[in-house]
Structure formats: C-alpha cells, structure tokens
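Take a look at the structure below.
The values are calculated or read from the model by the stated rules, or taken from the named source; none is laboratory data. Not measured: the values here are computed from a predicted model. Here the Cβ positions follow ideal geometry from the backbone for every residue, glycine too, while neighbour counts run over all protein chains shown. Accessible surface is based on the protein model in full, side chains and every heavy atom, while ligands, DNA and RNA are left aside. Shrake-Rupley method; radii C 1.70, N 1.55, O 1.52, S 1.80 Å.
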Amino acid sequence: DDTVVRSSCRVRIPAGRVIADANHDGVLHVLADGVRVEFEEGSVLRGAPADAPLDGLQGIGVRVEGAGTVVLHGLRVEGFRCAVLGRDAAGLLIEDASFRRNFGMRLRSTPAAEDGADWLWPHRNDAEEWRTNYGAAISLHRCAAPVLRRIVVREQQNGILLDRVEDAQIYDNDCSFLSGWGL
C-alpha cells in the first residue's frame, strides 16, 4: 500500500495476494510525468479477498494525480471501491485493462417490484459523489485528452466515470453486466 511510482516500471503481483488500501488514498500512486506502468501477465492488484461482498469494498487501486502523459497498460484490478482514479492527469492512456468485482451496491429491487433506493443520483457531483457513493472501474476528474481503449469491466456497479473531462477518446471497450452506468 502507498507505493509511489515516479519512473516507468513493470508490476508483478504474486497470485492470490491481497493489498488493501488501508487509508483509502490508493495502493499505487503515479505522481510523475511520462511514466509507463505495465502489469506483468497474470498479475492482479486485489484490494480484498475474491469472495468479499461488493458493497463492502473500499479504497483505490491505482491513483494518477497531477501527472501528464501517463500510460497504464495491462492492468488487472479487483476488490476496490474505485480501481483507477485519475485527477488532473492530462494525456492519460489506459489500455488493455480488466476490472472485475469492484464496488457494487446491494440491490433491493426484485423481479416483483423495483426499489427506489437502487437508483443512482446523477445530479450532484461537485465533490466527486459519483465515485465516493457508487464506485467505478475508472474515475477521471479534470483530465484533458485521456484515451481509454480495450478495457473490460464486469461484475460491479459502474464502468467509466468522467467528470470535467475534455477531448476524451474512448473506444473498443466493453463495460457490461454492471448494475449501474457503463459510461
């Protein structure tokens, strides 16, 4: 937890390893311009055991803040409230990534009746409420010209959240089988 990344690297995580975000500010912190972070084949950044209830998941997997032209390649992130948080990260590229079993609210609706508590409230987001209340695979806040491609998101509430983002390119992604928003 709290690993600061200031130069390009390859991440290797042993199978089954859980690395919780104890202080809820990110396990990996990418803080320098021009950094490429690549996950080694088979490595999964897991914030909670694989069988943990989705509505109890907390923390952030990878945080990119104030750094430009960062590349996140081949990420596999599971078991967090937010898998990747990008803030003020111009030119961020996330590609060939998979996000599974991150945060999801426990739904109260049944086939017989819908429950209003399951509705997402999109009107208030001045303090990043979308991410803090509903979680996400990727949450970008004040990022210019991000590129998100070849990303798969499954078994959680939300896929990709964009807040005050300009000139984004988002293509060849599959955010499906979610209980909330894909994009």
| request: Restricting attention to the stretch 50-67, report how many residues are closer than 14 Å to ILE94 by Cβ and among the small types (Gly, Ala, Ser). | output: 2
| request: Residue by residue through the stretch 5-33, note down the ones that are acidic (Asp, Glu), open to solvent by less than 50 Å² (accessible area, probe 1.4 Å) and without any contact (Cβ under 8 Å) to a residue 40 or more places away in the chain. | output: ASP25
| query | Can you pull out the residues in the stretch 48-85 that are open to solvent by 10 Å² or more (accessible area, probe 1.4 Å), in a loop (DSSP other than H, G, I, E, B) and either among the charged types (D, E, K, R) or more than 18 Å from ARG149 (Cα to Cα) (or both)? | reply | ALA48, PRO49, ALA50, ASP51, ALA52, PRO53, GLN58, GLY66, ARG81
| What are the residue pairs meeting all of these: first residue in the stretch 94-112, first residue farther than 15 Å from GLN58 by Cα and without any contact (Cβ under 8 Å) to a residue 40 or more places away in the chain, second residue surrounded by fewer than 20 Cβ atoms within 10 Å (Cβ to Cβ) and of a type in the set (D, E, K, R), Cβ atoms under 8 Å, and 6 or more apart or on different chains? | ARG108/ASP115; ARG108/ASP118; SER109/ASP115; SER109/ASP118
| task | Kindly indicate whether any position in the stretch 103-113 is touching a Lys or Arg at 6+ places or on another chain (Cβ under 7 Å) and either assigned to a loop (DSSP other than H, G, I, E, B) or at negative phi (or both). | result | yes
